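Enquirer: The structure follows.
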Amino acid sequence: MNKAIIALGLIAAMLAGIPGAAQEKREFSSYGEMRTYLGELFGQKKYAEAAALLETVLDRFPDNVLANTYNLAWARLYLGDLDKATQALEEGHRRGVFYGLWDFAAGAWDPVRSTPRFEAFLKENRSRVEQAQSKASLRIEVATPASYDPAKRYPLFIALHGGGESLADFKPVWTSPRLRGEFLTAYVQSSQVASMKGFHWQDVAVTRRDLEAAYERTLKEYPVDTGRVIIGGFSSGGFGSLVAALKNFLPVRGFVVLCPEVPTTIGDEDILAAKARGVRGTLLTTEADNRVEQQRSLMSRMEMLGLPAVFHLTPKIGHWYPEDFESLLDQAIGYILK
């Protein structure tokens, strides 16, 4: 799961080191233009200039307060100004935003983590997350296949977003020719709040409740072939898919997961029971994903216990979608349903 940095849209250029940032004062026609230039400054480690820029645009781009205050805190953190780093986050609170569950997990925050001011900020932030959680609810959007006929029955793919994502983030990327042409695809948004605009699947009990409700609602509203149901998702959605398939939360034929967090609660007895039910799966991951070894370990256990599953590793990229994802997804669907 790409947590703090991806969840807030912190530019990849911060770490990539884009050269050639101009030195003169700039005017920006859009937030995107400003963000690109900010990435150049971070890439060149010009943190003082980045902080100065962000201080001037907080009012200019009010719809992007979350990212701008977070990035301002990072710039000040890199400058060693711990008190002002926290001040930037407090300014975000003052302007009505809150930050995600994992936004301060990185080791770079360790110097500020135990300061009284930062502890008070975290307490307030947790309170805001809890307030948002009290209002959150499950969402489902079902995409019908081309030439959809409600008199026919269709296979169903239940698709789960990554941690810190929403349906708006997830739907455009989790698709394929076969899904578009043959399947009902139920895109499910968890009720578990991860951030201002994102959700997660980490609470197994809540995940089970949400998925059972989503499945029953979909069956009532659409003509599902219940013998051809697949579940899958990215990162935290992969976690939710694995527990659902291997612990039999839903009657699925198999799972397709990309860069999943591996549930520690999956026992050998779960794998053997899933094998007996005829479950098959595909685990897609990437070379630089930080959970590759845990994913390999799960695959080894499934192979040893006889559950049919395919492991595919894409080289040279991190925790994200490979360029040939749509093809890999269709191959996985074919493997499960053959």
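Enquirer: Suppose we filter 206, 224, 173 for residues that are aliphatic (A, V, I, L, M) and under 19 Å from residue 283 (Cβ atoms); which single one remains? Spell out the reasoning first.
Expert: Values: 206 fails: under 19 Å from residue 283 (Cβ atoms); 224 fails: under 19 Å from residue 283 (Cβ atoms).
The match here is 173.
Enquirer: Scan segment 186-196 and tell me whether some residue there is in contact (Cβ under 8 Å) with a residue 60 or more places away in the chain, in a loop (DSSP other than H, G, I, E, B) and closer than 17 Å to residue 242 by Cα.
Expert: First, the residues of segment 186-196 that are in contact (Cβ under 8 Å) with a residue 60 or more places away in the chain: 193-196.
Then keep just the ones that are in a loop (DSSP other than H, G, I, E, B); that gives 194-196.
From what's left, closer than 17 Å to residue 242 by Cα: none.
No, segment 186-196 contains no residue that is in contact (Cβ under 8 Å) with a residue 60 or more places away in the chain, in a loop (DSSP other than H, G, I, E, B) and closer than 17 Å to residue 242 by Cα.
Enquirer: Check whether at least one residue in segment 124-136 is over 26 Å from the mean Cα position of the chain (by Cα), surrounded by fewer than 17 Cβ atoms within 10 Å (Cβ to Cβ), at pLDDT 95 or above and part of a loop (DSSP other than H, G, I, E, B), and report yes or no.
Expert: Within segment 124-136, the subset over 26 Å from the mean Cα position of the chain (by Cα) is none.
Within segment 124-136, not a single residue is over 26 Å from the mean Cα position of the chain (by Cα), surrounded by fewer than 17 Cβ atoms within 10 Å (Cβ to Cβ), at pLDDT 95 or above and part of a loop (DSSP other than H, G, I, E, B).
Enquirer: Looking at residue 292, is it closer than 23 Å to residue 174 by Cα and surrounded by 18 or more Cβ atoms within 10 Å (Cβ to Cβ)?
Expert: On the way: closer than 23 Å to residue 174 by Cα: yes; surrounded by 18 or more Cβ atoms within 10 Å (Cβ to Cβ): no.
Spelling it out, it is not the case that residue 292 is closer than 23 Å to residue 174 by Cα and surrounded by 18 or more Cβ atoms within 10 Å (Cβ to Cβ).
Enquirer: Test residue 41 against the stated conditions and say whether it is without any contact (Cβ under 8 Å) to a residue 24 or more places away in the chain and not polar (S, T, N, Q). Give the steps one after another, and end with the answer.
Expert: On the way: without any contact (Cβ under 8 Å) to a residue 24 or more places away in the chain: yes; not polar (S, T, N, Q): yes.
When the stated conditions are applied, residue 41 passes them.
Enquirer: Taking the criterion of being in contact (Cβ under 8 Å) with a residue 24 or more places away in the chain and farther than 23 Å from residue 58 by Cβ, would at least one residue in segment 120-135 satisfy it? Step through it out loud before you land on a result.
Expert: Pass one, segment 120-135, residues in contact (Cβ under 8 Å) with a residue 24 or more places away in the chain: 121, 124-125, 128-129, 132-133.
Within this subset, residues satisfying the condition of being farther than 23 Å from residue 58 by Cβ are 133.
Within segment 120-135, one or more residues are in contact (Cβ under 8 Å) with a residue 24 or more places away in the chain and farther than 23 Å from residue 58 by Cβ.
Enquirer: Now for a different question. So, in segment 55-84, how many residues would count as being under 26 Å from the mean Cα position of the chain (by Cα), buried (at least 18 other Cβ atoms within 10 Å of the Cβ) and not aromatic (Phe, Trp, Tyr)?
Expert: Result for segment 55-84: 11.
Enquirer: I've got another one for you. What do you reckon, is residue 311 over 14 Å from residue 252 (Cα atoms), surrounded by 14 or more Cβ atoms within 10 Å (Cβ to Cβ) and in contact with an Asp or Glu (Cβ under 9 Å, 6 or more places away or on another chain)?
Expert: Values: over 14 Å from residue 252 (Cα atoms): yes; surrounded by 14 or more Cβ atoms within 10 Å (Cβ to Cβ): yes; in contact with an Asp or Glu (Cβ under 9 Å, 6 or more places away or on another chain): yes.
Yes; evaluated as a whole, the condition is true for this residue.
Enquirer: Could you list, in sequence order, the residues of segment 114-136 that are of a type outside the set (Gly, Ala, Ser) and more than 20 Å from residue 194 (Cα to Cα)? Full working, then the answer.
Expert: The initial filter retains those residues of segment 114-136 that are of a type outside the set (Gly, Ala, Ser), namely 115-119, 121-126, 128-131, 133, 135.
If the condition is that a residue be of a type outside the set (Gly, Ala, Ser) and more than 20 Å from residue 194 (Cα to Cα), then 115, 116, 117 are the ones that fit.
Enquirer: Follow-up. Restricting attention to segment 314-338, report how many residues are acidic (Asp, Glu) and surrounded by fewer than 14 Cβ atoms within 10 Å (Cβ to Cβ).
Expert: Of the residues in segment 314-338, the ones acidic (Asp, Glu) are 323-324, 326, 330.
Checking which are surrounded by fewer than 14 Cβ atoms within 10 Å (Cβ to Cβ) leaves us with 323-324.
Matching residues across segment 314-338 total 2.
Enquirer: Moving on. Among 333, 266, which is the only one that is farther than 17 Å from residue 201 by Cα, assigned by TED's automatic domain parsing to the domain that holds residue 205 and aliphatic (A, V, I, L, M)?
Expert: On the way: 266 fails: farther than 17 Å from residue 201 by Cα.
Being farther than 17 Å from residue 201 by Cα, assigned by TED's automatic domain parsing to the domain that holds residue 205 and aliphatic (A, V, I, L, M) holds for just one of 333, 266, which is 333.
Enquirer: Are there any helices (runs of 4 or more DSSP H) wholly within segment 1-111 with 3 or more residues that are modelled with pLDDT of 95 or more, and if so which?
Expert: Details: elements: 4-7, 13-16, 31-43, 47-57, 65-78, 82-94.
Fully inside segment 1-111 and qualifying: 31-43, 47-57, 65-78, 82-94.
Enquirer: Picking from 300, 195, 236, which residue would you name as being over 22 Å from the mean Cα position of the chain (by Cα), at pLDDT 95 or above and over 19 Å from residue 326 (Cα atoms)? Quick ask: steps written out before the conclusion?
Expert: Values: 195 fails: over 22 Å from the mean Cα position of the chain (by Cα); 236 fails: over 22 Å from the mean Cα position of the chain (by Cα).
Going through 300, 195, 236 in turn, just one is over 22 Å from the mean Cα position of the chain (by Cα), at pLDDT 95 or above and over 19 Å from residue 326 (Cα atoms): 300.
Enquirer: Exactly one condition in (1) outside the structural domain of residue 224 (by TED's automatic domain parsing); (2) over 20 Å from the mean Cα position of the chain (by Cα); (3) surrounded by 15 or more Cβ atoms within 10 Å (Cβ to Cβ) is not met by residue 113; state its number.
Expert: Failing condition for residue 113: (3).
The values are calculated or read from the model by the stated rules, or taken from the named source; none is laboratory data. Just so it is clear, the structure is predicted and the values come from calculations on it, not from any experiment. Cβ sites come from the backbone with ideal geometry, for glycine too, and all protein chains shown count toward neighbours.
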